[in-house]
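J.: One structure is given below, represented as structure tokens, and several questions about it will come after.
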Amino acid sequence: MATQQLASALTVTRLSLHVLGASVWVGGQITVGGLLSTVRKLGEGAGRKIAQAFGRLQWPAYALLLATGVWNVLAVHVGRATGSWLAVLWVKIAVVLLAGLAAFLHQRSRSAAGLAIWGAIAGLSSLAALVLGVALAG
């Protein structure tokens, strides 16, 4: 009979920091997107101010995700991973990089179309990265 064991303190720290980063990065995008119509009613430039404020939280969270993502890969002994697990890992890495690039381009965009397109790509790729991360957790 197999017994369940608690994770080590280092594993708890690593995974908690990764989940914290994802909560801010992905959850923040969903929250800001959901509040946008209300924020726009607050007056000219309110949306930009909210986006700038979120950016101060978003980018440190993205950096935390990248750092703990590397830490996660190093912790799972990739040399023993299956081919399908490695394939999903590479797809996740590409999707995470796409999410960061799209968020960057969204912040730099000055047109309504650019904001919408890059914001949608950032949000959808961030959600995809979250789901792929769950798949990798096994």
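J.: Please identify the longest segment of the chain free of exposed trypsin sites (Lys or Arg not before Pro), where exposed means a DSSP state other than H, G, I, E or B and no more than 15 other Cβ atoms within 10 Å. Intermediate values should be presented prior to the final figure.
T.: Working: sites that count: LYS41, ARG110.
Here the longest run is 42-109.
J.: Post the alpha-carbon centroid distance, the stretch 95-135 to the stretch 30-76, in whole angstrom.
T.: Each part's Cα centre sits 11 Å from the other's.
J.: Another one. Calculated from DSSP H runs of 4 or more alone, at -39500 (n - 2.57) each and per residue, what is the 222 nm mean residue ellipticity of the chain, nearest 500?
T.: So the calculated ellipticity at 222 nm is -29500 deg cm²/dmol.
J.: Still on this structure: Using Cα pairs under 8 angstrom and six or more residues apart, how large is the relative contact order of the stretch 64-138, in percent?
T.: 33
J.: Can you list the HN-Hα couplings for the stretch 84-92, worked out from phi with the Karplus curve (6.51, -1.76, 1.60; θ = phi - 60°), rounded to whole Hz and with x for Gly and Pro?
T.: 5, 5, 5, 4, 5, 4, 5, 5, 4
J.: Among LEU42, LEU20, LEU74, which one shows the biggest mean-square fluctuation in a GNM of the chain, springs joining Cα atoms closer than 10 Å?
T.: It is LEU42.
Read-outs: derived from the displayed coordinates by stated rules, not from any lab. Since this is a predicted model, take the numbers as computed values, not measurements. Quick reminder, even Gly has a Cβ in these numbers, built from the backbone with ideal geometry, and neighbours come from all protein chains shown.
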